[in-house]
Structures are given as structure tokens and as C-alpha cells.
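Have a look at the structure below before the remarks.
The values are calculated or read from the model by the stated rules, or taken from the named source; none is laboratory data. This structure is a prediction, so every number in the text was calculated from the model and none was measured. FYI the Cβ positions are ideal-geometry reconstructions off the backbone, even for glycines, and counts take in every protein chain you see.
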């Protein structure tokens, strides 16, 4: 998810996306343990996207 896409989201959409990405990250970790992950870089990309969303959410709450 790009910065511009994140800026357009509302607070509720950001929270929903964070929850969805956390579930995805949980599943990716299990796939990594069982050696079924197809793209290991997706784990770090998911973590970074969660961080971007949380940062954006904090900015919208404080504004």
C-alpha cells in the first residue's frame, strides 16, 4: 500500500486494514515455519505496511 493510498483512507478503514494485515502476517509466520512461504519478502513488506498505517492513524487521531 502506497503513502497516497493510505492518506485517502478514513480512520475506520485504516483500523480494518491493520487487523487484516495482522492476520496475514500471522499466517505468513506459520507458513515460514512449515517452509511453505512462497515469497519471504512479503513478511517484511507486511510489517512495514502495518507501521505506515499505524503512523497515519496516530496522525489522524492527533489532528
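Quick notes
- When residues in the range 13-57 are screened for being loosely packed, with under 13 Cβ neighbours inside 10 Å, over 14 Å from the mean Cα position of the chain (by Cα) and either outside any helix (DSSP H, G or I) or modelled with pLDDT of 95 or more (or both), 6 of them pass.
- Long-range neighbours under 6 Å by Cβ, at least six apart or interchain, first residue touching a residue at least 12 places away in the same chain (Cβ under 8 Å) within the range 39-63, second exposed (fewer than 13 other Cβ atoms within 10 Å of the Cβ) and part of a helix (DSSP H, G or I): 60/11
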